[in-house]
Amino acid sequence: MNALSDDAAVVFSLRKPVTDIVLDDLRCRVVAAVDGGIRSIVVDIDDVGVLDTPVISTLVMLLREARARDASVKLRAGRRRILETLRITALDKVFTIDVVEERSVPLPAKAARPKVGRFVAAFAAGALAISTLLGTPAYAQNETSPEDLVRAVIAQNAEMQSYQAQVSVDFKLRSFPYASQHLDGTTYFKRPDNFEVVFEKVPSYAKGFEKLYSDIDDPTSWSKRFDLSLAGTRSIAGHHDVVVRLVQKVRGQIDHEDVAIDPIAGRIDAMSWSYYNGGTISMTQEFQRVGAFTVLAKQHATIKIPFVHASADAVYRNYRTNVAIDDSVFTRNKHE
């Protein structure tokens, strides 16, 4: 296995025979490259021979570990057999595929037409590997459960029992009276389903905005409060997210919410709220590593509701994880 520089990316070539030792070496090399500051990894799999379960499992694991460190993993291939396997296993929906010109290598007559059985085996291997690593079925919209995707988000930081962090928000009215407001506050979380954001000195026109921030990061209660369904996919930062639509079981002011979930990293990249009065709020999120956990780093929100056009940028810092938090901090009844 070789590692080559390809502009800003590092290319690793995976060639047969592929053994457990070779796959372990690939994992170590990729993680070391990402930890060393490389943001783009390319794995050339054109000469791997067969994309079996160990190979697919390793590739999906590499992608998950890279995204947790804000890096990317692409696959490079040109052989029709490899590209077809990527397609039928739905890995071409999970990875960005760098398709190159097929290498001119003569194949034996028996291998000129791949057998259906091999494709079936490859699909089973891909589905098993992805479902094992993600806790969800293979990445095909008609096979993905919205409940499983939400559970994957909840399980992302399984060892985190609580956290407390500082949050600062710069709020700007883009319509009259064109005011700006800097908000400072504290965000709290405690398992199983307690989440709260407390801002200091919130002006009257931003009260609804404070309520929004108290709702966005509590997926543990979604199944109780909403009917969940799939609403397509969305491309974010070079990868595909699955969109889960949330419709309130008890009708309120919101027609529906759309949540874009990265099925590999198990995190929410974007959210949007659509109101019955025509208003919309859209938000994107960035993440950071704090010890063993992946937590919010930044959020950007665009708010367009009747008579109000605004934007908000939030920054999260000074996380304290697995700390004691008094239950009086939370007002759970506001969601009921």
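Nothing in this text is a laboratory measurement; each read-out follows from the coordinates by a stated rule. Note that the structure is predicted; figures quoted are calculated from it, not measured.
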Which listed pairs, of K93/K249; K16/K93; K249/K304; K16/K74; K74/K298; K190/K224, have C-alpha distances above 27 Å, in listed order: K93/K249
Extension gain (nm, one decimal) between S274 and Q288, 0.36 nm per residue minus Cα-Cα: 2.2 nm
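Tell me whether the stretch 155-335 comes out rounded, prolate or oblate; compute the Cα gyration tensor, take square roots of the eigenvalues as a ≥ b ≥ c, and use a/c under 1.5 as the rounded threshold. It would help to have the intermediate numbers written out before the result.
Values: a/c = 1.37, a/b = 1.10, b/c = 1.25.
Judged from the Cα gyration tensor, the stretch 155-335 comes out rounded (a/c under 1.5).
If you stretched the chain out fully between S175 and E159, how much longer would it get, using 0.36 nm times the residue separation minus the C-alpha to C-alpha distance?
That pair, S175 and E159, stretches by 1.4 nm at full extension.
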